[in-house]
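Chemist: Just passing along the structure, written as structure tokens.
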Amino acid sequence: MASSATPQWPVRADHRFMLKVAGMVLSGKIHPRAREFDRLSRVFSKAGGSWERIFRGSVDDVELLKTVMVVAFKNGYLTKKEQWK
């Protein structure tokens, strides 16, 4: 997968949005994977988030998505980039 948005990936709007949010919140510490973004999307929806509200500008839903992403990162549900010393 590409580390930034390209014409080939991500195809889905929710994945594109999550890629942008991950860049801001996680500072490029992950390798984006479609399977992981699918899981994040399901967890976000089950937590009461709505993609429709996000795309209409809901700040509360964006904050919920950020929280879901940070928790997933801290618990190892997202593929982390190697840290070089």
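Chemist: If you average the sequence gap of Cα pairs under 8 Å that are 6 or more apart and divide by the length of the chain, what percent do you get for the contact order?
Modeler: On the way: 62 pairs, mean separation 27.6, N = 85.
Result for the chain is 33 percent.
Chemist: Now a separate question. Would you please put 25-31, 60-66 in order of how densely packed they are, using the mean number of other Cβ atoms within 10 angstrom per residue and starting with the highest?
Modeler: Details: 25-31: 14.6, 60-66: 16.6.
Descending packing order for the listed peptides: 60-66, 25-31.
Chemist: Eight or more residues apart or on different chains, and alpha-carbon atoms under 22 Å: count the Lys pairs in the chain matching that.
Modeler: 17
Chemist: Restricting to DSSP H runs of at least four residues, report the calculated mean residue ellipticity at 222 nm for the chain, -39500 (n - 2.57) per run over all residues, nearest 500 deg cm²/dmol.
Modeler: Details: 4 runs with 47 residues, N = 85.
The helix-only estimate for the chain comes to -17000 deg cm²/dmol at 222 nm.
Chemist: Pull out the extension gain between Glu63 and Asn75, defined as 0.36 nm times the separation in residues minus the alpha carbon to alpha carbon distance; nm, one decimal.
Modeler: 2.5 nm is the gain from fully extending Glu63 to Asn75.
Chemist: I want to check the label-to-label distance for Phe55 and Val11. Put each point 7 Å from Cα in the C-beta direction and report it in nm to one decimal.
Modeler: Distance between label points: 1.6 nm.
Chemist: With the dipole of the chain worked out from charges on the C-beta (+1 for Lys and Arg, -1 for Asp and Glu) around the Cα centre, which of Tyr77, Thr67, Gly48 lies farthest toward the positive end?
Modeler: Value computed over the given set: Tyr77.
Chemist: By how many nm would the segment from Lys29 to Val43 lengthen if fully extended, with 0.36 nm per residue of separation less the alpha-carbon distance? List each step's numbers first, then the result.
Modeler: On the way: separation 14, 0.36 × 14 = 5.04 nm, distance 2.03 nm.
Net length gain for the segment: 3.0 nm.
Rule-based calculations on the coordinates, nothing more; no lab input. If you're wondering where the values come from, they're calculated on a predicted model, not measured in any experiment. Cβ sites come from the backbone with ideal geometry, for glycine too, and all protein chains shown count toward neighbours.
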